[in-house]
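J.: The structure that follows is given in the form of structure tokens.
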Amino acid sequence: MVAWKGKRTFATAYVKGKYLECTVDLLHAIEHKHLKASFPTTKKVVTNRFTLEPGETVDEQMTAWLKEGFEDVGPGTGSKS
């Protein structure tokens, strides 16, 4: 497994058989053809899980989610003073 994090993990990826299983934590649920599930992990954060099949690549929307997760979830979502 590979995890991307700042103060808090915002994305993971791992190989399961011939598939790449990915998660990205955002402040909202997403819609995408590869989405398998979205579920709250805290009061603010939603984990979005999707699968890539052999030959598929990360598309522009997935790249945007990684950037969003890095900016919104990676620094932590607790109270800012």
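The values are calculated or read from the model by the stated rules, or taken from the named source; none is laboratory data. This is a predicted model, so every value here is computed, not measured. Ideal geometry is used to build each Cβ from the backbone, glycine not excepted, and the neighbour counts take in all protein chains shown.
J.: For region 22-41, which positions are within 17 Å of Glu71 (Cβ to Cβ), exposed (fewer than 15 other Cβ atoms within 10 Å of the Cβ) and not hydrophobic (A, V, I, L, M, F, W, C)?
T.: If the condition is that a residue be within 17 Å of Glu71 (Cβ to Cβ), exposed (fewer than 15 other Cβ atoms within 10 Å of the Cβ) and not hydrophobic (A, V, I, L, M, F, W, C), then His28 is the only one that fits.
J.: Give me a count of the residues in region 46-67 that are within 13 Å of the chain's Cα centre (by Cα) and either assigned to a helix (DSSP H, G or I) or not aliphatic (A, V, I, L, M) (or both).
T.: Number of matching residues: 12.
J.: Before we move on, is Val24 under 11 Å from the mean Cα position of the chain (by Cα) and among the β-branched types (Val, Ile, Thr)?
T.: Yes: the conditions hold for Val24.
J.: If Lys80 meets every condition in (1) exposed (fewer than 15 other Cβ atoms within 10 Å of the Cβ); (2) of a type in the set (Lys, Arg); (3) at pLDDT 95 or above apart from one, which number is that one?
T.: (3)
J.: Which residues, counting only those in region 5-43, are part of a strand (DSSP E or B), of a type in the set (A, V, I, L, M, F, W, C) and closer than 11 Å to Val73 by Cα?
T.: Phe10, Ala11, Val24, Leu26
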